[in-house]
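The values are calculated or read from the model by the stated rules, or taken from the named source; none is laboratory data. Not measured: the values here are computed from a predicted model. Backbone-built Cβ (ideal geometry, glycine too); neighbour counts: all protein chains shown.
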Amino acid sequence: MTFNRIAVIGAGTMGSGIAGQIANAGHKVLLLDLTSEATDYALQRLQKSEPAPLHQRSNIDLIETGTIDDEFDKLAQCDWIVEAVVERLDIKRDLYKRLDSIINADCIVTSNTSTIPISLLVAEMPSNFQARFAITHYFNPVRYMRLLELVRGEKTRPDVIEKLSNFNDEVLGKGVVPCNDTPGFLGNRVGVFALQVGMDEAFKQGLSIEEADALMGRPMGIPKTGVFGLYDMIGVDLMSDVVDTLGDILPEQDVFHAVGRSNNPANSLINTMIEQGFTGLKSGKGGFYRESNAIDLRSGDMRPRDLTLPAMAQAAALAQQEGHETLHLMIEGKGPHAHFCRNFLGRVLSYAAALIPKVTVTPQDIDDAMKMGFNWIRGPFEMIDALGADIVIDLAREAECEIPMALTKSAELGSFYVVESGILKVRNFSEKTELKPVKLPFGTQRFSLTRQTLSPIATNRAASLWVLPGNLRLVEFHSKANALTAESMQIVKQAAKDHGTGILIHNDAQHFSAGVDLNRFADFIERKAWAEMDSFLNDFQQAVAALKYAPVPVVGAPSGLSLGGGFEVLLHCDCLLTHANSVLGLVESGVGVVPGGGGVKTTYQRWYEASQDPKIAAWETWMQVGYGKTGESPEQAAKLHYFQPDKDKTVMNRDKLITQATEMLTKMAPNYTPPKPPKMTLPGKALLSKMDSFMSDGVNKGWFKPHNKTTAMEIAKIVINTRSDETLDVSEQDMFDRERAAFLNLAKTPETKRWIKAMLSGAEIE
């Protein structure tokens, strides 16, 4: 099911973002607003915003712009129109009446409203319009946020919902969560409530914003921004408006009002911040955090930022590294930190449970909304299962919350999620409480769910090896930030031996891998353990080589960031199936080292094969690795030869990675033969002086730091025959050896030691 002609009305942040994602999917789209200035600005924003809303800048050519007055007639040709105008009911209603007079009888109309119920939006519209109307609530930024809340009205036809669901799932890459027509739907209702509770409890327990964010963030499986950092990221003024809107539309008895604007202890502080222009990152002035300073919640004064993590957060971080559950750690003790965590969990989890069954009959919808719309690692009901319903009931009572029926039922009947006969089921609360299989769209698979029905054939703190149907193997990295360690590579090596019919490299984290664990290298450097460092790098190289030459096909299926060592693993796969938002690249030069796991080798090989000219291959590899260039999308990565369009593929929906990757492996397996070792020729040393002059000039002009030059010249030694003017034929192992030698040379410098320490501490590299 597809659409032939799509239009978006409203060129603000959300409207332009929706249009951009439609263009990313290869579809033409008409973007209208009141003035041409508004649409011109929208196009500028799409091309210049960070992170980039477009996969590549040329996608802007798929967006036609115009004004509502001059191009309104063009809407008659559309079969889907998205309304994304200002959140005023009167303006929206007037627009719908104009649309009804011109659109064809089959055209679907949807609103991107985040709060206004359908019943109010279309109350004055005829039945045939209401039958083709729904809410498609996207989250900002549209390209990166996975959630689409799809809300049907009382009269919305099922086929309309089906077409919208399928198109957004398959073409735009969204995780579609069906929602009832209730105030705030699901994501904002729970997510904004959680933020307000976090703020409220920080005041009550006398915590600093740094303490609250550290406790509420990673230890609880909520984004590391916590509450105050997320306020700054979204915009303090925008969050204030969202809170006000929810307060206006939610029922009087809803406990949300207890943390709304009027009852929020930070209300006066927030008002002052907005008046003074401290509205968060977008303002350029900051919000709760301002450069190296942070606001004092009680006085409103600025003070130096406290980078010390609370002991509970430190303990939780260590437990996470060991693969242990952290939520139980967060509720132990009686100090203000423990009380903050206990009350936060008690209030938020009981609130989510209270939405069952009126807002939705299945906990899965709420969990999916929070994971895809607010980037929680686990949804509220998965957190309840981790703690136990009995404990959550105790926490809710301690926080003076009413105990909802869903919690009581879970305490009586068992967890919300249960595995029965190898099938993951979720407790539903419709006419009767019963377990039903977790539902996902066709072709969709999330390994975080699939994993619960499997047992690994090998596992350690950093990685696991799993068996998938068809006797395929899946290598999963699961350390902090999926940073690679010796243990990670042990699993890679084991997969190359116990390979089954094919190997899939994949994980379900927000980011595939941030690279090799820098803490390991910092330790080597501190102890001057050069032989150990060399051995580590050699083991890494041999692991990726074993993967490359395994007797079965290997497919890498990354999403998010795939950088440094993480990307080096992917470079040794037969092909990639990447999510459309994947960022691919080698960034090691940023901390004063070189890729040591075959990254330089493979980059050179690809440039050499493409150009058949050693000088071009050496120069392009040198520039690319030296600058730490990344492809912010597979299309951009293709220009760097990090993504190979003739072999590698992309998907818009990351939940389809496993399904399509396993299909690729199954098709490749019958006639598969491992690749032959590459033949490469390096240019003579004449190119070295050109590189040296380039870097010296850059240092003199202040473009580079002196250590940038040192790093760059070590990269040059990998890709050039420094001993002769003649070309040099090299083997793959020769290139591996060159990488290790360059890495060790740089690791022994005081500048690299300093740069790595700065990166690990979050300080600026000097």
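Can you find a residue that is free of Cβ contacts under 8 Å to residues at least 60 places away in the same chain and either of a type in the set (A, V, I, L, M, F, W, C) or crowded, with 16+ Cβ neighbours inside 10 Å (or both) anywhere in the range 657-677?
Scanning the range 657-677 turns up no residue that is free of Cβ contacts under 8 Å to residues at least 60 places away in the same chain and either of a type in the set (A, V, I, L, M, F, W, C) or crowded, with 16+ Cβ neighbours inside 10 Å (or both).
Tell me which residues, restricted to the range 146-165, are surrounded by fewer than 19 Cβ atoms within 10 Å (Cβ to Cβ) and within 17 Å of A25 (Cα to Cα).
Residue satisfying the conditions is K163 alone.
All but one of (1) surrounded by fewer than 23 Cβ atoms within 10 Å (Cβ to Cβ); (2) of a type in the set (G, A, S); (3) modelled with pLDDT of 90 or more hold for S350; which doesn't?
It fails just one condition, (1).
Look through V583, V587, V594, V625 and report the one residue that is under 30 Å from P706 (Cα atoms), in contact with a Gly (Cβ under 6 Å, 6 or more places away or on another chain) and of a type outside the set (K, R).
It is V587.
Can you work out which of the residues in the range 107-135 that are in contact (Cβ under 8 Å) with a residue 40 or more places away in the chain and part of a helix (DSSP H, G or I) is nearest to E162 (Cα to Cα)?
Checked the range 107-135; the qualifying residue nearest to E162 (Cα to Cα) is I118.
Tally up the residues in the range 681-717 that are in contact (Cβ under 8 Å) with a residue 40 or more places away in the chain, touching a Leu at 6+ places or on another chain (Cβ under 9 Å) and not in a loop (DSSP other than H, G, I, E, B), please.
7
Residue check, V259 against (1) surrounded by fewer than 17 Cβ atoms within 10 Å (Cβ to Cβ); (2) within 23 Å of N188 (Cα to Cα), all met but one. Which one?
Single failed check for V259: (1).
Restricting to the range 568-590, name every residue that is of a type in the set (A, V, I, L, M) and under 17 Å from I718 (Cβ atoms).
Within the range 568-590, L571, L586, V587 meet the criteria.
Quick one: how many residues across the range 378-425 are in a strand (DSSP E or B), touching a helix residue (DSSP H, G or I) at 6+ places or on another chain (Cβ under 7 Å) and either modelled with pLDDT under 95 or not hydrophobic (A, V, I, L, M, F, W, C) (or both)?
Qualifying residue count for the region: 1.
How many residues does the range 554-612 contain that are assigned to a helix (DSSP H, G or I) and either within 24 Å of Q733 (Cβ to Cβ) or in contact with an Asp or Glu (Cβ under 9 Å, 6 or more places away or on another chain) (or both)?
23
Only one residue in L307, L318, L269 is outside any strand (DSSP E or B) and surrounded by 15 or more Cβ atoms within 10 Å (Cβ to Cβ). Which one?
L269
Based on this model, can you work out whether G277 counts as modelled with pLDDT of 90 or more and on the phi > 0 side of the Ramachandran plot?
So G277 fits the description; yes.
Conditions: (1) modelled with pLDDT of 95 or more; (2) under 23 Å from the mean Cα position of the chain (by Cα); (3) among the aromatic types (F, W, Y). F129 meets all but one. Number of the miss?
Among (1) modelled with pLDDT of 95 or more; (2) under 23 Å from the mean Cα position of the chain (by Cα); (3) among the aromatic types (F, W, Y), F129 violates only (2).
Looking for whichever is among the acidic types (D, E), modelled with pLDDT under 95 and under 34 Å from the mean Cα position of the chain (by Cα) here; the options are E751, E764, E714. Which one fits?
Answer to the check: E764.
List the residue pairs whose Cβ atoms are under 7 Å apart, where the first residue sits in the range 299-324 and is assigned by TED's automatic domain parsing to the domain that holds S479, the second is acidic (D, E) and part of a helix (DSSP H, G or I), and the two are 6 or more positions apart or on different chains.
Going by the 7 Å Cβ cut-off, there are no qualifying pairs.
How many residues, within the range 193-210, are buried (at least 22 other Cβ atoms within 10 Å of the Cβ) and within 21 Å of A353 (Cβ to Cβ)?
Matching residues across the range 193-210 total 7.
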